[in-house]
1. In the structure shown, do any of Lys22/Lys158; Lys46/Lys170; Lys22/Lys275; Lys46/Lys94; Lys52/Lys163 have a Cα-Cα gap over 32 Å, and if so which?
2. Please give the net charge around Phe40, taking every other residue with its beta carbon less than 12 angstrom from that of Phe40, where Lys and Arg add +1 and Asp and Glu add -1.
3. Going highest first, how would you order 60-68, 234-242, 163-171 by mean Cβ packing within 10 Å?
4. Rounded to two decimals, what ratio of Rg to Rh does region 84-236 give with C-alpha atoms and a Kirkwood Rh?
5. Based on Cα positions only, what radius of gyration and what Dmax would you give for the chain, in angstroms?
6. What does the charge add up to near Leu265, with Lys and Arg as +1, Asp and Glu as -1, over the other residues with Cβ less than 14 Å from its Cβ?
7. For region 78-147, what is one quarter of the convex hull surface built on the Cα atoms, given in nm²?
8. Could you work out the Rg to Rh ratio of region 198-279, with Rh taken as the Kirkwood radius (inverse of the mean 1/r over all Cα pairs)?
Amino acid sequence: MQSLEESRRAPTLVSSQKVEIKDQKIDSNLVGVVFTNRLFIRLVSKGHRFTKIDFRYSTFDACYLRNCVFDDCDFTGCRFVSTSLHGSSFAGCKFDYATFERTDIDDDVLDSGCPGTENLTMRFARSLRVNYQQLGNADAANKAIAVELHATGVHLEKSWRSKESYYRRKYSGLRRVGQFARWLEFKGLDWIWGNGESISKLLRTVVFVIVLIAVIDVIAFGNPSFVASYGRALLTAPSVLLGVEAPAYYPKLYLATIVFVRLVLFGFFMAILIKRFNRR
């Protein structure tokens, strides 16, 4: 007979009451039906409308739901695996904690299906990003990344700044300071190279570095009172950054710093290119 201590350690397992629906077809429009905690295997429906359907905590495995309209449906906690939702639209649907794997779903869902809070939107977009990468859909993956990065930025800012009770309970004391540091890092990397997603921001950073090299050249090694000095320095700065020129009057430590910056910028550029090609 188990002791009281052993019974406390033993896990209590009960059935989840998940109902399996296998190899079925929906051939009409549905309104207000409850399909909570279902396992749909190879469910088929084409061109039908689903209105106010409760799909919470259900799994869609190898289903074919093409050109369907989902209006005000609840997909909280749902899992979509190897499912075709091609051409289907979602209006007012709830996707909190939903995940996607190898599922064909139009990227319009990122415009109309994002959860209401930033942390859930971040998870939702991340799941879709991985899903689109699995399918090799680079354009949709880029769109999901943009949504994920925006939601991440808002979430990090709210985690240290917002007075909302959720954030103040979860992030207090040193954790709030840590979130502030993470937000600063996120914003800094976003400005430099869009957190690995923006060539235009990286080019802006290169221009900023070139201008900075020119200004330092004039102030530290030239004559700041002459306007012509700035023009000459601007013409020379790109060559200095690329390592074509290395003025003898520059200190070695300063030249080493320029080399380090050049290598970092080149590394960022290559990382963006590799990411883009990998998605394809």
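1. Lys22/Lys158; Lys46/Lys170; Lys22/Lys275; Lys52/Lys163
2. +3
3. Descending mean neighbour count gives 60-68, 234-242, 163-171.
4. Rounded to two decimals, Rg/Rh equals 1.17.
5. Taking only Cα atoms of the chain, I get Rg and Dmax of 27.1, 95 Å.
6. +3
7. Mean shadow area of the hull around the Cα atoms is 4.0 nm².
8. Dividing the radius of gyration by the Kirkwood radius yields 1.06.
Every number in this text was worked out from the coordinates using simple rules, so none of it is lab data. A quick note: this is a predicted structure, and the numbers were derived from the prediction, not measured. Every residue, glycine among them, receives a Cβ derived from its backbone with ideal geometry; neighbour counts consider all protein chains shown.
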